[in-house]
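**Q** Take a look at this one; I'll ask things after.
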Amino acid sequence: MSETMIGIYVFVLSCVIGYHVIWGVTPALHTPLMAVTNAISAIVIVGAILVAGTGDNGFTVVEVVGFMAVFLAAINIFGGFVVTNRILSMFKKKK
Amino acid sequence: MLTSGLSPELIKDIFAAVYLVATLFFILGLKGLSSPKTALKGNTYAMLGMLIAVVTTLFYPTVKSYYWILAGLILGGTIGTVIALRIQMTAMPQLVAALHSFVGLSAVFVAIGTYFSHKQAGELNSTLMVELAAGSFIGAITFTGSVIAFGKLQELLSSNPLIFKGQHYLNLLLGLVMFGFGAHFAMTDSFVSFMVMTGIALLLGFTLVLPIGGADMPVVVSMLNSYSGWAACATGFTLKNNLLITTGALVGSSGAILSYIMCKAMNRSIISVILGGFGGETAAASTAVGGKTVKSAAVEDAAFMLENSKKCIIVPGYGMAVAQAQHVIKELMLVLQEKEIEVKFAIHPVAGRMPGHMNVLLAESDIPYDCVFEMDEINSEFSNTDVVLIVGANDVVNPAAKTDKSSPLYGMPILDCYKARQVYVIKRSMRAGYAGVDNALFYYDNCALVFGDAKAVTEGMIKALKEG
């Protein structure tokens, strides 16, 4: 199998896992679900780090573009996780 | 370097193995959200997964310099944390839209950066360029689409749908031209085509979301959530990184399922939402339906009825969020509970501006989640309920959705408030709901309207109950 084909396998199977896991999420937590999926979609930071770290600390286009990508993804990761934590801490049971 | 002395293949496998661990943590994290009890732990798992992914990537053999990375991490991390700590819960839909836009733009930058780094290394081929094009255009549409969604939710833009003639043809044309330039880029490695394609995708994000009205925002926000996942997926394909593909697919399917749930709760097809034009504010027909007229009640009357009830259900809607009434609602709940009246909350899936919006606001005001029920759980209870209090909800309680075949709402599942002995609707004016449809419930014999701001009216009720 080519790498792309392996990627397609992984992709399709992940969608199946996603389908089952997400239907299990209680509707009351749909807002934190969006916040946390938002945070983890910032996994593009892996690509961003690879781009930003290629050079030698200069001012090349690649590095500046990479920096922007890391910067934006980092806002998402921290913003998403912190706000999810805030929301979830508010959900309390009857005393 | 940590990895020196090992064969490149082995190094690749080691990284892939660690990334697999991160993937599992993400799945565990989402699994935790199946119950509020395990949700916080789930979030911790997801954070752990991200930490593993980021730290591992820092050791990747091709990562040679750290200044730009650290600068981005520290700056972005600080800004993200500060925003997340300060944001008001009522502004959550805007925040989520804004965050989606960042992921989208980040994916565009990653695609551009990867293009240059692979070009320098002489590793460009047409498969990679197709994947780069996909990552860039999905990211670009997510970016501008989310910016518009943010503008509408923040009310910087009118939440009315913006429609003009030939809109769908324009979108179709833009889409085709975009794919054309994408294909040209993949075949000829023309950077100009790559940029033109991305530019058109940016434009398409605007033109796709502008025609969608305020009431459809829960669907749009979910859809953009989904797009941000697919963007991560496409990025994963360009980097041959299964962690990104898996995570992106999880997020993508999450957003897609949420969009589906929202559409179903409005009895609308996803196509009709995307085409837009629904949800303009039109003047309500104030003419009586079937010779009946609307009754209005004084705050004290409603309080009296509440006091003499055994069971009441409160139905919150977007109006509660606008009036910031969730805290006084909680006080009302406590006053009623002191008088040994059973209080429950009923939430329609599309109440508010994003999925689960109302649950968050009620949780914020310390209302225990086991008093809060979803539509399917509570609909059978309305018939043995004494008083239903509707706070800022409208279309989701309109019985015309069941009875009136000519209503645009017909077929939409509703909360069966009309079955209760007495219904009070707190409302600012006789304006129609977001669907622009007159609410048949208001003309029912067992329904009365209490005019005023949700917060002020609720405060009035609490006062009357305490005195009474």
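**Q** Please work out if B:Ser136 is open to solvent by 40 Å² or more (accessible area, probe 1.4 Å), in contact (Cβ under 8 Å) with a residue 60 or more places away in the chain and either among the polar types (S, T, N, Q) or in the same structural domain as B:Gly229 (by TED's automatic domain parsing) (or both). Working first, answer last.
**A** Numbers: open to solvent by 40 Å² or more (accessible area, probe 1.4 Å): no; in contact (Cβ under 8 Å) with a residue 60 or more places away in the chain: yes; either among the polar types (S, T, N, Q) or in the same structural domain as B:Gly229 (by TED's automatic domain parsing) (or both): yes.
Answer is no for this residue.
Okay, residues lined up against (1) closer than 23 Å to B:Val328 by Cα; (2) hydroxyl-bearing (Ser, Thr, Tyr); (3) within 14 Å of chain A (Cβ to nearest Cβ):
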| residue | (1), (2), (3) |
| --- | --- |
| B:Tyr369 | yes, yes, yes |
| B:Tyr418 | no, yes, no |
| B:Val425 | yes, no, no |
| B:Ala448 | yes, no, no |
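**Q** Follow-up question, since we're still on this one. Listed residues A:Val21, A:Val10, A:Val46; which is under 21 Å from B:Met354 (Cα atoms), within 7 Å of chain B (Cβ to nearest Cβ) and among the hydrophobic types (A, V, I, L, M, F, W, C)?
**A** Working: A:Val10 fails: under 21 Å from B:Met354 (Cα atoms); A:Val46 fails: under 21 Å from B:Met354 (Cα atoms).
Matching residue, one of A:Val21, A:Val10, A:Val46: A:Val21.
**Q** If you don't mind, another one. If you scan segment B:119-129, which residues turn out to be more than 36 Å from the chain's Cα centre (by Cα) and within 10 Å of another protein chain (Cβ to nearest Cβ)?
**A** Within segment B:119-129, B:Lys119, B:Gln120, B:Ala121 meet the criteria.
**Q** Based on this model, can you work out whether B:Leu124 counts as without any contact (Cβ under 8 Å) to a residue 24 or more places away in the chain, more than 16 Å from A:Asn38 (Cβ to Cβ) and not assigned by TED's automatic domain parsing to the domain that holds B:Ala363? Walk me through it before giving the result.
**A** Numbers: without any contact (Cβ under 8 Å) to a residue 24 or more places away in the chain: no; more than 16 Å from A:Asn38 (Cβ to Cβ): yes; not assigned by TED's automatic domain parsing to the domain that holds B:Ala363: yes.
Against the criterion (without any contact (Cβ under 8 Å) to a residue 24 or more places away in the chain, more than 16 Å from A:Asn38 (Cβ to Cβ) and not assigned by TED's automatic domain parsing to the domain that holds B:Ala363), B:Leu124 does not qualify.
**Q** Step by step: first the residues of segment B:205-241, then only those that are more than 9 Å from every other protein chain (Cβ to nearest Cβ), surrounded by fewer than 24 Cβ atoms within 10 Å (Cβ to Cβ) and not small (Gly, Ala, Ser), then the one that is farthest from B:Ile274 (Cα to Cα). Which residue is that?
**A** Applying the filter and picking the extreme gives B:Phe206.
**Q** Mind listing just one residue for me: the one in segment B:242-266 that is surrounded by fewer than 24 Cβ atoms within 10 Å (Cβ to Cβ) and within 7 Å of chain A (Cβ to nearest Cβ) and, of those, farthest from A:Val51 (Cα to Cα)? Full working, then the answer.
**A** Our first condition is that a residue be surrounded by fewer than 24 Cβ atoms within 10 Å (Cβ to Cβ); within segment B:242-266, this holds for B:242, B:256-257, B:259-261, B:263-265.
Retained after the next criterion (residues that are within 7 Å of chain A (Cβ to nearest Cβ)): B:242, B:257.
On the way: B:Asn242: 17, B:Ile257: 32 Å.
The qualifying residue farthest from A:Val51 (Cα to Cα) is B:Ile257.
**Q** Could you please find all residues in segment A:67-95 being in a loop (DSSP other than H, G, I, E, B) and either under 20 Å from B:Ala98 (Cα atoms) or within 7 Å of chain B (Cβ to nearest Cβ) (or both)?
**A** Scanning segment A:67-95 gives A:Phe91, A:Lys92, A:Lys93, A:Lys94.
**Q** Can you pull out every residue in segment B:222-271 that is on the phi > 0 side of the Ramachandran plot and in contact (Cβ under 8 Å) with a residue 12 or more places away in the chain? Spell out how you get there, then give the answer.
**A** First, pick out the residues of segment B:222-271 that are on the phi > 0 side of the Ramachandran plot: B:240, B:267.
Of everything in segment B:222-271, just one residue is on the phi > 0 side of the Ramachandran plot and in contact (Cβ under 8 Å) with a residue 12 or more places away in the chain, namely B:Asn267.
**Q** On to the next question. Go over the candidates A:Val21, A:Val10, A:Val64 one by one and state the one that is in a helix (DSSP H, G or I), open to solvent by 10 Å² or more (accessible area, probe 1.4 Å) and farther than 23 Å from B:Thr57 by Cβ. Step through it out loud before you land on a result.
**A** Numbers: A:Val10 fails: farther than 23 Å from B:Thr57 by Cβ; A:Val64 fails: farther than 23 Å from B:Thr57 by Cβ.
Result: A:Val21 is the single residue among A:Val21, A:Val10, A:Val64 that is in a helix (DSSP H, G or I), open to solvent by 10 Å² or more (accessible area, probe 1.4 Å) and farther than 23 Å from B:Thr57 by Cβ.
**Q** Where the second residue is among the small types (Gly, Ala, Ser) and surrounded by 18 or more Cβ atoms within 10 Å (Cβ to Cβ) and the first is more than 7 Å from chain A (Cβ to nearest Cβ) and lies in segment B:65-77, which pairs have Cβ atoms under 9 Å and are six or more apart or on separate chains?
**A** If the second residue must be among the small types (Gly, Ala, Ser) and surrounded by 18 or more Cβ atoms within 10 Å (Cβ to Cβ), the pairs left are B:Ile74/A:Ala74.
The values are calculated or read from the model by the stated rules, or taken from the named source; none is laboratory data. All values derive from a computational prediction rather than experimental measurement. Virtual Cβ from ideal backbone geometry, glycine too; neighbours counted across all protein chains shown. Accessible surface areas use protein heavy atoms only, side chains included; no ligands, DNA or RNA. Shrake-Rupley method; radii C 1.70, N 1.55, O 1.52, S 1.80 Å.
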